[in-house]
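The values are calculated or read from the model by the stated rules, or taken from the named source; none is laboratory data. These figures come from a predicted structure and were not determined experimentally. All Cβ positions, even for glycine, are placed from backbone atoms using ideal geometry, and neighbour counts span all protein chains on display.
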C-alpha cells in the first residue's frame, strides 16, 4: 500500500499536492512518501515478529540519506554492496552491527573499511574473496564474520537481468563447493568466523514457491554444516519480493513470513532479510512535465522533461510504470509513447500507453519509481540529475537539490597543453 492518490482532480503525495511540489521545486523530481516507507518496514518487521530476525534494507534500491535515516530510525539494518553504501549508511545513523556486505567484487579498501566499521558479516561470493577477507582481517587483528552466498540453482521466474540464483549467474557459490569452502574456512582460516548462510535468488519475485525451494536447500546445507561442527547462527534469505507495477499480485510480507517461519521451525537461527524494491518501490514517484506533444503518421508522442537518464528501468528492462495526470482536467484519453529528450530511440518511459490527453505544460506522475530510479540515474547527454523530495504528512522537504550546470563539470579539468620542445641551435651536438 502507498499514500499517493487523487483528492478530487488533484494528485497527492500524503497530504501534499504534487502540483504544489512541481511548482516550487520544478521537474523532473522524485517524490517519496515517508508514511509509505515506515509502513513497508513495519510490514516486514511484524511478519517475523514471532522469531529472531533482522531486516536489512538493501541500499542499492534507493540510497538517499533521508530514506536511509527513516529506516534506521525504525531499527532497520542494511544490506550494502559497496564502500560508498557503507559510508552512506553510517552518515544516516545506521547501527553497523546490523550491516551485511554483499557483492561479488569487494575491493581490499572496502573490506578494510567494513572491518574497521565492525559490520555484522560479509556475504562471501567466491573462495578468493574468503581468503582476501581472512588476510585483511589478520593484518587488522580482527575476526571477520562471514556467510557464504550459496547459489541454489532455483529459477525465480523473473526478468533474466535480475535473476541471481541460477548456475549461469555470476553470484554466489554452488552448494557442494560452498560446503567444502565452509569446512576449509573453519579448519584453515584463523581470522574468519563462518556464522551464516546467505541465499538470494533474484528480484521482483511474485510467488512464494521459489523462496521456499531455495530455503529447503539452505536448511539441508545447514544440517550438514552443523554436523561438521560449524556454529551457524544466521540464515540470510536475501530480498526479492516483488511489487505491483501493473497487474502483478505479489504475496504480502505476512504470507511470506508464515512460509519461512514454518520452513525454519526449530532450527534456532536468526533470520535475515534484505528487501529493497518492496520497501521503496511504491513509496516513490517521478513527476515530469510535458514539453511538447507530437502526432506522427503511426504514433502519438508525448515528450516530457524526464528521460532514460532519470529513470532507466523502461529502457533497460522494458518495465512498466503507470502514468497518471497530476491534475485530472480531461476525461479524454490517447494512446501514445511517453518519451524524453535523450538522443536515443530507446529513451522512453512508456510505449503504446493509454494515458490522459495532455498538452504542453501539464505534469505527469510516473508511478512505482522509488526503487532503482534515482539510484540508477546518470548525467547522460550532460543532463543534470533530478531533485528528490520527501513528504511527511502535510509538509515536504527537498532531500537532494537539483543538480545545476556547474555540478556537471565538478572535478574535471582540461589537460594542460604540452609545451613544444625548444629547437636546438644549428650545429649543436
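The figures follow:
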item: Subset of segment 387-402 [crowded, with 16+ Cβ neighbours inside 10 Å and either in contact with a strand residue (DSSP E or B) (Cβ under 8 Å, 6 or more places away or on another chain) or more than 20 Å from residue 282 (Cβ to Cβ) (or both)]; result: 387, 388, 389, 390, 391, 396, 399, 400, 402
item: Failed condition for residue 285, given (1) under 29 Å from residue 4 (Cβ atoms); (2) in contact (Cβ under 8 Å) with a residue 12 or more places away in the chain; (3) assigned to a loop (DSSP other than H, G, I, E, B); result: (3)
item: Residues satisfying the stated conditions in segment 8-59, i.e. surrounded by fewer than 19 Cβ atoms within 10 Å (Cβ to Cβ), part of a loop (DSSP other than H, G, I, E, B) and in contact (Cβ under 8 Å) with a residue 40 or more places away in the chain; result: 9, 15, 26, 50, 51, 52
item: Which listed residue is modelled with pLDDT of 95 or more, within 17 Å of the chain's Cα centre (by Cα) and under 30 Å from residue 331 (Cα atoms), from 31, 80, 21, 55; result: 31
item: Failed criterion for residue 316 (all others in (1) in contact with a strand residue (DSSP E or B) (Cβ under 6 Å, 6 or more places away or on another chain); (2) within 30 Å of residue 360 (Cα to Cα); (3) modelled with pLDDT under 95 hold); result: (1)
item: Single residue of segment 60-75 satisfying the filter (assigned to a loop (DSSP other than H, G, I, E, B) and in contact with a helix residue (DSSP H, G or I) (Cβ under 6 Å, 6 or more places away or on another chain)) that is surrounded by the most Cβ atoms within 10 Å (Cβ to Cβ); result: 62
item: Residue 345 vs. criteria closer than 30 Å to residue 274 by Cα and surrounded by fewer than 21 Cβ atoms within 10 Å (Cβ to Cβ); result: no
item: Members of segment 288-315 found to be touching a helix residue (DSSP H, G or I) at 6+ places or on another chain (Cβ under 8 Å) and assigned to a helix (DSSP H, G or I), listed by number; result: 313
item: Checklist (1) outside the structural domain of residue 347 (by TED's automatic domain parsing); (2) at positive phi applied to residue 245, failing item; result: (2)
item: Residue in segment 78-90 that is under 17 Å from residue 377 (Cβ atoms) and either buried (at least 22 other Cβ atoms within 10 Å of the Cβ) or in contact with a strand residue (DSSP E or B) (Cβ under 8 Å, 6 or more places away or on another chain) (or both) present; result: yes
item: Test for residue 266: is it out of contact with any helix residue (DSSP H, G or I) (no Cβ under 7 Å at 6 or more places or on another chain) and buried (at least 19 other Cβ atoms within 10 Å of the Cβ); result: no
item: Single residue of 383, 410 found to be farther than 15 Å from residue 287 by Cα and in contact (Cβ under 8 Å) with a residue 40 or more places away in the chain; result: 383
item: Strands (runs of 3 or more DSSP E) contained in segment 162-273 and holding at least 3 residues in contact (Cβ under 8 Å) with a residue 60 or more places away in the chain; result: 192-198, 270-273
item: Answer residue from segment 348-382, given it is in contact with a helix residue (DSSP H, G or I) (Cβ under 7 Å, 6 or more places away or on another chain) and outside any strand (DSSP E or B) and is surrounded by the most Cβ atoms within 10 Å (Cβ to Cβ) among those; result: 370
item: Which listed residue is at positive phi, modelled with pLDDT under 95 and crowded, with 21+ Cβ neighbours inside 10 Å, from 165, 172; result: 172
item: Among the residues listed as 369, 360, 325, the single one being touching a residue at least 40 places away in the same chain (Cβ under 8 Å) and more than 20 Å from residue 292 (Cα to Cα); result: 369
